[in-house]
1. Name every residue in segment 182-201 that is surrounded by fewer than 17 Cβ atoms within 10 Å (Cβ to Cβ) and in contact with an Asp or Glu (Cβ under 8 Å, 6 or more places away or on another chain), in order of residue number.
2. With 667, 628 as the choices, which residue is out of contact with any Pro (no Cβ under 9 Å at 6 or more places or on another chain), surrounded by fewer than 21 Cβ atoms within 10 Å (Cβ to Cβ) and at pLDDT below 90?
3. Restricting to segment 232-255, what's the tally of residues that are touching an Asp or Glu at 6+ places or on another chain (Cβ under 9 Å), surrounded by fewer than 19 Cβ atoms within 10 Å (Cβ to Cβ) and either over 20 Å from residue 613 (Cβ atoms) or of a type in the set (Asp, Glu) (or both)?
4. Yes or no: residue 415 at pLDDT 95 or above, farther than 30 Å from residue 82 by Cα, among the charged types (D, E, K, R) and under 18 Å from the mean Cα position of the chain (by Cα)?
5. Residues that are in contact (Cβ under 8 Å) with a residue 60 or more places away in the chain and surrounded by 20 or more Cβ atoms within 10 Å (Cβ to Cβ), at least 1 per element: which strands (runs of 3 or more DSSP E) completely within segment 402-502 meet that?
6. Within segment 162-188, can you find the residues that are assigned to a loop (DSSP other than H, G, I, E, B), of a type in the set (A, V, I, L, M, F, W, C) and either in contact (Cβ under 8 Å) with a residue 60 or more places away in the chain or within 17 Å of residue 42 (Cα to Cα) (or both)?
7. Which residues, taken from segment 48-74, are touching a strand residue (DSSP E or B) at 6+ places or on another chain (Cβ under 6 Å) and not in a strand (DSSP E or B)?
8. When segment 94-108 is examined, which residues are found to be at pLDDT 90 or above and either assigned to a loop (DSSP other than H, G, I, E, B) or touching a helix residue (DSSP H, G or I) at 6+ places or on another chain (Cβ under 7 Å) (or both)?
Amino acid sequence: MRHLKRLLICEAIIIAVLLASFVLLGMSSIGKPATGESLAFSDRPPTDVRTVRVDNASGGFEILFFDGGYAVTDVPVELTDVDTLVNFLINCGELTALRRVDADADTGTGAGIRTNPSAGAGAGANTGMGVDPLARFGLNPPASTVHIEYQDSASLDLSIGNLEPVTGGYYFTVAGKQGVYLIGGEAGAMFLQSAQGFISFTLIPAPQAGTILSAVRDITFTGGPLSSPVTIESVAAGDETVKMLARSFGSASHIVRGPTPPDEATVSADTNDDGMPGTGTSGTGTSESGSGNANTANAATDGEGMHGTGTSGTGTSESGSGNANTANASTDGEGMSGTGAIGGIYELDQTYGIEMLQPLGGLRAQAILRYGLSSDEEEELFGEPWMRVEFDYRPGIAPSASGTGASDTGIEHIDLRLVEAGEDGKAFFANVKGSGLVSLIARPAFADIVYEKLLLRRFLSPLLMDVRALRIETTGMAQDYAIDATDPKNPIITRDGAPVDTAAFRRLFSLAVSASGDGVYLGVMTLPVPSGAKGMATASETPAAGLPPAGAGSAPKGTTTTSETPPPPVPVPSQGNVSQQKDAPQTDTWPPTDGSAMDTEVTAAPLLRLTYSYTGGKPDDVMELYPGGPRRTLVFVNGICEFAMKDTFAERMAQAMEAMETGADFGTEW
């Protein structure tokens, strides 16, 4: 990779030469005397430069040409700022003075008076024979001495002195040439810098084309303001599992994997007659993730071994055929944490997603504090970061400062780690793992990432053409619709074998997929379903008339099926404001501000269940609504609940089902 970077530097120099040639053709010589005296001490292409040795107060540096490219001593090739190095070599090849300021100063045969530059410009101004003619220009001793050697063994020796305040240039002399000259400010300053001046301040390159969403592949945010890791996955770049999960949201470009259930939670999942999972699972066991979370998911699967709530992890899933299979999410060699267990799956809100990801593309440091660190030194400083952002990146340009290098596909794995630089939180020490670099950056937008803002509020929004069946269950009624979308523009809808008005069903389907959360995050909870519960509760057996466990079979139209075992209460995590206590006062505030929603149980059966069955082998999606707070219902999607919604949605769905029976019109607003 270093050889590649050197070649890239050499190519960049050649391109710069061609561009500069066009510019110089239209320029007149600056400051050339009327006598025609040349102020050009070298007129060579930058690729003619073989070595440059600079000695100045900062310690100096050396630039060497070898193995087809250039390198700066003590600066890793992968950290070199190509633009800075190219400009430096151009100035060394095309060394021209702005003008001569003192024709009488005698510089002798050497490069000025070679005394220690660290002694400071202007020291020793009095030579004992009057004022030293070089001292007033800061050339005795010089601020910097420069030796340039070219490929044909010719060389130049320079001394750089004080800044000339009017033009912004620097005084300098050339060994063997009479007089003191003025060099441009940018060129002169380059001879006064340290080796660190060649280190790139760009920690992560900006995308060459497209948006940051197209350049960033799978990305996981850990720590910072997040209590659990959150992963965003690209659908286009994802495997078949990711693409299948994304079908729950129509044409989604990215999906978000939410926080996982608590480590100690173990939930059993029943299946229906077709082997489809009823609720989904959380996990127990020990994973290989960096955070050490228990994330082995024991999930009921369908006949093809697909998880109802989605496969776990960013790696491959070992799910197979049969029920109660175990999905072991593989991690990469770095131990990415927190993405193995099953959590909620959502569609990314692109607007907020871009706002959070944009700072990563072209991330620049305010200062380079240390470089050349070993992996052990990196871990000592950043082994326990305040925040970690780990992602696959395809910027479409040369490898970045991460030092890991891009693969043949141009995809680079970046592991960015942040440590707070002060109590005010306005700056962070940053390290891209493997770079050996410690930098200071301003607080980026993603340091204040809010999980729920990443999510589009619709729970499930599949395309009609991807759904082969829709089952709707409310208290006392169940309807099963079969969908034949062979002709997507003219789907054929049937219920119990009888045709259904397509326009009416489209309104019903539109209502169903409009289910949206209220945006108030409640924490993660899972829905337990006991393995022995095979029937459904009736209105007389539960405080609120309920539904059967998912997949208990189709009930006759307009009837319910009895159950010997009522559904168990839904556990509510302590961190979520999710339900109102039995004796808590009724209030319009949601969640209640008095804490009455904490640590309670939802004892009622579900009010509504929607089951989407898909074409192409995708597992069912099951959305269930349970009584929640005032005028709210808790929404469980594939057994995971993180948000509530207005209870008017369940009422509107029940009204729509009645209208589908009678042929009456119905509204879709709730």
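1. 201
2. 667
3. 3
4. Here the answer is no, as residue 415 does not meet what is asked.
5. Those strands (runs of 3 or more DSSP E) span 412-420, 427-432, 438-442, 467-474, 477-484.
6. Across segment 162-188, the qualifying residue is only 175.
7. 48, 60, 73
8. Passing the criteria: 94, 95, 97, 98.
The values are calculated or read from the model by the stated rules, or taken from the named source; none is laboratory data. Not measured: the values here are computed from a predicted model. Neighbour counts run over all protein chains shown; Cβ positions are idealised from the backbone, glycine included. Note: areas computed on protein heavy atoms with side chains; ligands, DNA, RNA excluded. Shrake-Rupley method; radii C 1.70, N 1.55, O 1.52, S 1.80 Å.
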